[in-house]
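K.L.:
Can you keep this structure in mind? I'll have questions shortly.
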Amino acid sequence: MDSDIKKLAKAFKQGESQREYLTFSELNRMASADCKYPILKKAFICSCLTGLRWSDIDRMKWLEVRDEDNGARIIFRQKKTDGLEYLDIST
């Protein structure tokens, strides 16, 4: 059989997932809590405040953070899509 079996398979539709999030007061409590791994805590809080994935935060370099007139901007290549992204952040 010379045909590629993957071409015969059809993708299934995924439903919209329910996203969980922390409230501002919950995030403040997390920020003031003790953590065995401070760098992990900082990355988690950064993720909560920016919406960036862990994989993107882990790969982030300081040269991707730029001062702009209205605050700061992160210019990075997203790991999942390999697309260039611009994220304005307030300071």
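K.L.:
Using a simple spin-label model with points 7 Å from Cα along the Cα→Cβ vector, what separation in nm is obtained for residue 8 and residue 50?
P.N.:
About 4.6 nm separates the two model spin labels.
K.L.:
Magnitude of the Cβ-charge dipole of segment 1-80, K/R +1 and D/E -1, about the Cα centre, nearest 20 debye? Can you show the working numbers first?
P.N.:
Working: 17 positive and 12 negative charges, 60 e Å.
For this selection, approximately 300 debye.
K.L.:
Could you sort 23, 50, 81 by their accessible area in this structure, using a 1.4 Å probe and putting the largest first?
P.N.:
Numbers: 23 60, 50 35, 81 85 Å².
If we order 23, 50, 81 from most to least accessible, we get 81, 23, 50.
K.L.:
Over the chain, what is the relative contact order in percent, taking alpha-carbon pairs closer than 8 angstrom and at least six residues apart? Spell out each step's value before the answer.
P.N.:
Numbers: 60 pairs, mean separation 12.6, N = 91.
With pairs under 8 Å counted, the relative contact order is 14 percent.
K.L.:
Could you tell me what a quarter of the Cα convex hull surface of the chain works out to, in nm² with one decimal place? The partial results should precede the final answer.
P.N.:
Details: hull surface 41.5 nm².
The number I arrive at for the chain is 10.4 nm².
K.L.:
What's the carbon and sulfur percent of segment 1-88's accessible surface, probe 1.4 angstrom, rounded to a whole number?
P.N.:
Working: 4390 of 8310 Å².
After summing per-atom areas, the C and S share lands at 53 percent.
K.L.:
Continuing with the same structure: Based on the mean of other Cβ atoms within 10 Å per residue, sort peptides 71-77, 37-43, 5-11 so the most packed one is first. Mind showing how you got there, number by number?
P.N.:
Details: 71-77: 14.0, 37-43: 11.6, 5-11: 6.6.
Going from most to least packed, we get 71-77, 37-43, 5-11.
K.L.:
Related question: Using a 1.4 angstrom probe, figure out how much accessible area the chain has per residue, in square angstrom, rounded to the nearest whole. Before the final figure, lay out the partial values.
P.N.:
Numbers: 8610 Å² over 91 residues.
For the chain, the per-residue accessible area is 95 Å².
K.L.:
A follow-up question, please. Sorted by accessible area (1.4 Å probe), largest first, how do 63, 22 line up?
P.N.:
On the way: 63 135, 22 75 Å².
I get 63, 22, largest accessible area first.
K.L.:
I'd like the accessible area for residue 30, computed on protein heavy atoms only with a 1.4 Å probe and all protein chains in place. Round to 10 Å², please.
P.N.:
90
The values are calculated or read from the model by the stated rules, or taken from the named source; none is laboratory data. Being a predicted model, the structure only gives us computed values, none of them experimental. Quick reminder, even Gly has a Cβ in these numbers, built from the backbone with ideal geometry, and neighbours come from all protein chains shown. Just so you know, the surface numbers come from the protein's heavy atoms only, side chains and all, with ligands and any DNA or RNA stripped out. Shrake-Rupley method; radii C 1.70, N 1.55, O 1.52, S 1.80 Å.
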